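Student: Next up is a structure, given as structure tokens.
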Amino acid sequence: MPIDLYFFPPSAPCRAVSLAAKLIGVELNIKNTNLNTKDHLTPEFLKMNPQHTVPTINDNGFFLFESRAIIMYLFNKYGKDDSLYPKDAQKRAIVDQMLCFDMGTLFQRFTAYYRPVIYEGVPFDPEKLKKVEEAIEFFEKMLEARGGPFAAGSTITLADAALIASISSIDAIGAVDLSKYQHVNNWFSRCKLAIPDYEGVNGGGIAAFKQRVRRGASK
Ligand SMILES: N[C@@H](CCC(=O)N[C@@H](CS)C(=O)NCC(=O)O)C(=O)O
């Protein structure tokens, strides 16, 4: 039986899961879940996820939400290539660190920047943008210190899939000029080539995200 992924294309956490699934090589059955028509607030959805967020998966009756937990679960259950999430405690800790940095700092600061524009129709706040830029600067320094070529070191890992979902969203709305950050910029180009079917998996969602933000900004 297929694994259902409840998915809203503009959502970066949803795209993080589908990009990671491509790396892992696990097939997901996309269940389009439109937040605009409140598909995530139905009693059926709330039974799976009381927090009513996408992404959510249903793996034959096993329900899981929180994108990074889903990514780790998919690897732990279906992954074959250990380099994506190494068994060595310290190597794995660096992947975890980058997944946490993405969720708790980079993506968190970016959502604080764009969400009020979408949901409240208020203008972009330049102070919040500064916090996003600072997070990208942190990422730049991490990549430089690690010597790359990927976020956790020499091979692509689950962290790259999550980080590229955030960075590509930041790039899509032109929030930050990534060309100012040499290491981030090179990492971004490298990951686009390394993730199977990157454009097919991320491209449509990025376009939808851009449109959603543009609509909010023109209110
Ligand atoms: N920390 C969660 C965040 C998920 C999240 O905020 N998803 C948004 C879309 S990007 C959502 O489902 N919003 C609808 C809601 O909260 O009701 C994750 O990484 O999965």
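Student: Being within 13 Å of the ligand (Cβ to nearest atom) and touching a residue at least 24 places away in the same chain (Cβ under 8 Å) is the filter here, so list the residues in region 55-78 that pass it.
Tutor: Once the filter is applied, which keeps residues that are within 13 Å of the ligand (Cβ to nearest atom) and touching a residue at least 24 places away in the same chain (Cβ under 8 Å), region 55-78 yields P55, T56, I57, S67, R68, I70, I71, M72.
Student: Tell me, which residue of region 79-114 that is open to solvent by less than 50 Å² (accessible area, probe 1.4 Å) and outside any helix (DSSP H, G or I) is farthest from the ligand (Cβ to nearest atom)?
Tutor: P86
Student: Still on this structure, I have one more. Can you pull out every residue in region 27-60 that is part of a helix (DSSP H, G or I) and either hydrophobic (A, V, I, L, M, F, W, C) or surrounded by 13 or more Cβ atoms within 10 Å (Cβ to Cβ) (or both)?
Tutor: D39, H40, L41, F45, L46, M48, listed by residue number.
Student: I've got another one for you. Scan region 161-175 and give yes if some residue there is in contact with a Leu (Cβ under 8 Å, 6 or more places away or on another chain), modelled with pLDDT under 95 and surrounded by 13 or more Cβ atoms within 10 Å (Cβ to Cβ), otherwise no.
Tutor: There is at least one residue in region 161-175 that is in contact with a Leu (Cβ under 8 Å, 6 or more places away or on another chain), modelled with pLDDT under 95 and surrounded by 13 or more Cβ atoms within 10 Å (Cβ to Cβ).
Student: For S189, are the conditions met, namely being open to solvent by less than 70 Å² (accessible area, probe 1.4 Å), in a helix (DSSP H, G or I) and without any contact (Cβ under 8 Å) to a residue 40 or more places away in the chain?
Tutor: yes
Student: Working carefully through the options L129, L143, L158, find the one that is of a type in the set (A, V, I, L, M) and touching a residue at least 60 places away in the same chain (Cβ under 8 Å).
Tutor: Every option except L158 fails the conditions.
Student: Across region 1-25, what is the number of residues that are part of a loop (DSSP other than H, G, I, E, B) and either open to solvent by less than 20 Å² (accessible area, probe 1.4 Å) or closer than 29 Å to Y119 by Cα (or both)?
Tutor: Total meeting the criteria: 4.
The values are calculated or read from the model by the stated rules, or taken from the named source; none is laboratory data. Owing to the predicted nature of the structure, the values given are computational and were not obtained by experimental measurement. Cβ coordinates were reconstructed from backbone atoms using ideal geometry, including for glycine residues, and neighbour counts include every protein chain displayed. Side chains included, ligands, DNA and RNA excluded: accessible areas come from the protein's heavy atoms. Shrake-Rupley method; radii C 1.70, N 1.55, O 1.52, S 1.80 Å.
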